[in-house]
Amino acid sequence: MKSPLLSLPGAVPGEGPDEGVAAHYGDLFREQRALADGTGFVDLSHRGVVTVTGADRLSWLHLLITQHVSELPPGQATEALILSAHGHIEHALYLVDDGETTWAHVEPDSQRDLIAYLESMKFFYRVDIADRTDDYAVVHLPAGSITEAPEDTVVRETPHGRDLFLPRARLTDFAEASGPAIGVLAYEALRVEAHRPRVGLETDHRTIPHELGWIGSAVHLQKGCYRGQETVARVQNLGKPPRRLVFLHLDGSEVTLPSHGAPIRLASEGEEGRQLGFITSSARHHELGPIALALVKRNVPVDAELIADSTAAAQETVVEP
């Protein structure tokens with residue numbers, strides 16, 4: 001899904017999972033500062049949009065996802081995961097219900113697999129599932145923004161800002177009235193700063209919620225059964241996750257950032273040491289300089305100096321070991 005806002009002056013296309021929207025519009029740090037100050041908007045129109053309607057929608061979703069949503073009030077935002085039978089993360093859903101429809105945005109191009117799973121679990125429940133990606137675009141307004149949401153827009157409000165489910169046909173008009181446009185690289189830099197994980201970057205085929213600090217925010221521990229709950233309960237009550245998310249301050253003298261998947265080792269062992277984890281996301285921050293998130297083995301000392309590929313890195317604890 002290629003955004004029409006790529007035609008705006010200075011727009012540089014995003015890459016990888018953010019292909020289809022602008023990475024930036026010519027000034028990355030200015031865009032970050034604007035976003036941090038509560039101005040502008042971020043085009044996230046490449047993200048998938050899924051809706052669930054019907055009288056049983058919330059009670060049915062409650063059985064499938066990690067979050068308690070059976071009595072979710074209209075307008076209250078939440079987030080939830082769908083896990084495999086072994087408790088590994090498959091999807092993250094960013095949800096809001098408007099009183100008649102439950103709306104969710106998900107990672108780009110993941111909505112088809114999500115819908116296929118949801119359709120397989122309908123059984124006798126009164127629910128209808130739809131892919132609305134062609135009709136609605138996701139736009140993010142930062143916390144503190146005074147921009148008003150247009151009519152016919154569903155709003156998902158969180159402490160980090162508002163996500164708008166905006167009719168896609170009105171995206172260009174919204175951009176003209178609500179600028180400045182801010183690229184997804186600025187949005188990602190603030191996401192990394194806030195330690196917020198993202199499926200496909202912070203996750204691999206065996207990631208469980210405890211490793212990323214998603215217990216509480218996306219996983220409710222006092223609700224009924226759902227797929228993967230046995231693993232969640234066992235790790236919560238009896239064990240410890242094998243890995244943990246850390247925040248890294250990277251050596252600013254390096255020209256390039258370590259890429260997704262770059263190995264993490266102890267600085268004392270150098271580039272030939274054993275691998276203890278990998279970079280999940282990296283960014284250049286307008287105040288902090290180069291930063292990253294990484295998954296490392298649980299037993300890596302919290303005060304250990306690390307090296308990411310060839311870049312020195314000092315860690316901050318996100319998930320306690």
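The values are calculated or read from the model by the stated rules, or taken from the named source; none is laboratory data. Please read all numbers here as calculations on a predicted model, not as lab measurements. Here the Cβ positions follow ideal geometry from the backbone for every residue, glycine too, while neighbour counts run over all protein chains shown. What goes into the accessible areas is simple: the full protein's heavy atoms, side chains included, and nothing from ligands, DNA or RNA. Shrake-Rupley method; radii C 1.70, N 1.55, O 1.52, S 1.80 Å.
Here are the numbers for the structure shown:
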| quantity | calculated |
| --- | --- |
| Proximal aspartates and glutamates relative to LYS2, as straight alpha-carbon distance under 16 Å, when same-chain residues fewer than 8 apart are discounted | GLU15, ASP18, GLU19, ASP43, GLU107, ASP109, ASP134, ASP135 |
| Accessible surface, 1.4 Å probe, highest first, among residues ARG132, ARG234, ARG198 | ARG234, ARG132, ARG198 |
| Sequence-distant residues sharing a close amide H with TYR136 (under 5 Å, placed H) | ARG168 |
| Antiparallel DSSP beta bridges within the chain, percent to nearest 5 | 95 |
| Hz values of 3J(HN,Hα) by residue in the range 144-157 - Karplus curve (6.51, -1.76, 1.60), Gly and Pro given as x | x, 5, 9, 5, 8, 6, x, 4, 6, 10, 8, 10, 10, 9 |
| Ranked order, LYS223, LYS297, LYS2, LYS122 - accessible area, probe 1.4 Å, largest first | LYS2, LYS297, LYS122, LYS223 |
| HN-Hα J in Hz across the range 85-92 - Karplus 6.51, -1.76, 1.60, θ = phi - 60°, x for Gly and Pro | 4, 9, x, 7, 6, 10, 9, 10 |
| Candidate aspartates and glutamates - alpha carbon under 12 Å from LYS297, same-chain residues fewer than 8 apart omitted | GLU211, GLU320 |
| Simple Cβ-charge dipole of the range 241-320, Lys/Arg +1 and Asp/Glu -1, about Cα centre, in debye nearest 20 | 380 |
| Total charge dipole magnitude, the range 16-108, about the Cα centre, Cβ charges on Lys, Arg, Asp, Glu only, Debye to nearest 20 | 80 |
| Solvent accessible area, Å² - GLU320, 1.4 Å probe, full protein context | 140 |
| Calculated from backbone phi, Karplus (6.51, -1.76, 1.60) coupling profile of the range 68-84 in Hz, x at Gly/Pro | 7, 10, 4, 10, 5, x, x, x, 8, 7, 8, 9, 8, 10, 10, 10, 6 |
| Calculated [θ] (222 nm, deg cm²/dmol) that DSSP helices of n ≥ 4 give over the chain, each run adding -39,500 (n - 2.57) | -5000 deg cm²/dmol |
| Cut-off 12 Å between beta-carbons: net charge of the residues surrounding TYR25, Lys and Arg +1, Asp and Glu -1 | -2 |
| Spatial separation of Cα centroids for the range 223-299 and the range 104-134, in angstrom | 30 |
| Positive-pole candidate from PRO241, ILE307, LEU288, dipole of the range 241-320, charges at beta carbon | PRO241 |
| Lysines whose Cα lies under 22 Å from that of LYS122, excluding same-chain neighbours fewer than 8 positions away | LYS223 |
| Assigned charges on the beta-carbon of Lys, Arg, Asp, Glu; the range 180-318 dipole about Cα centre (debye) | 840 |
| Where only alpha carbons of the range 241-320 are counted, the Rg and the Dmax (Å) | 11.3, 34 |
